[in-house]
1. Could you tell me the relative contact order of the chain? Use alpha-carbon pairs under 8 Å, at least six residues apart, and round to a whole percent.
2. Would you compute, from DSSP H runs of 4+ residues alone, the mean residue ellipticity of the chain at 222 nm, taking -39500 (n - 2.57) per run and dividing by the full residue count, rounded to the nearest 500?
3. Could you order peptides 15-27, 122-134 by the average number of other Cβ atoms within 10 Å of their residues, highest first?
4. At a Förster distance of 35 Å, what's the computed FRET efficiency of residue 17 paired with residue 150, Cβ-Cβ distance as r, to 0.05?
5. Does anyone have the angle between helix 15-27 and the longest principal axis of the chain? Alpha-carbon axes, 0 to 90°, nearest 10?
6. Could you line up 76, 115 from fewest to most neighbouring Cβ atoms inside 10 Å?
7. When you count, for each residue, the other Cβ atoms within 10 Å and take the mean per peptide, how do 59-66, 135-142, 85-92 rank with the highest first?
8. Tilt of helix 81-97 relative to the longest C-alpha principal axis of the chain, in degrees (0 to 90, nearest 10)?
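Derivation of every value follows stated rules applied to the coordinates shown; laboratory data play no part. It should be emphasised that the depicted structure is a prediction, and the values quoted were computed from it without experimental measurement. With ideal geometry, Cβ positions are generated from the backbone for all residues, glycine too; neighbour counts draw on all protein chains shown.
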């Protein structure tokens, strides 16, 4: 099935600039339709889980090894920024769960990411998450991504969770 989309641009943007931007997005893999076999629930979570391997779990700390597989690369053959965010969220939730009781629901309020260096194809990355603060209503987790071979810091993340008490009916 092919769909055609009309691009609406502002009068302040020249048609040439609009065409260049559209071409750039298409060259990066955007603008196409998602094949039906990938347009299913839990696909992205399964994809992210496939690149992670848990190494250590302690109270307030979780460490994983991440392998930068071709399925999580961007157009520049480095670890995709969206995948960095997905991994950070997943590991931060796991880390927060080591200190927050199961009966409390976690709500991700903020996730900040600093992209310091790129992780290239097939690189192994140590993902280390630790609880910075955990109180009655709030849990903050810091996540570091370091290249395994050189220990070079590639990404720094901070996740803030709101601890929601279980509803009593």
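1. Working: 273 pairs, mean separation 33.4, N = 169.
For the chain, the relative contact order is 20 percent.
2. On the way: 3 runs with 37 residues, N = 169.
Result for the chain: -7000 deg cm²/dmol, rounded to the nearest 500.
3. Values: 15-27: 11.4, 122-134: 17.8.
Going by the mean number of other Cβ atoms within 10 Å, highest first, we get 122-134, 15-27.
4. Values: r = 40 Å, r/R0 = 1.15.
The pair residue 17/residue 150 has a calculated efficiency of 0.30.
5. 50
6. Working: 76 10, 115 14.
Least to most surrounded, the residues fall as 76, 115.
7. Working: 59-66: 17.5, 135-142: 16.0, 85-92: 21.8.
For the peptides 59-66, 135-142, 85-92, the packing ranking is 85-92, 59-66, 135-142.
8. Relative to the chain, helix 81-97 is tipped by roughly 20 degrees.
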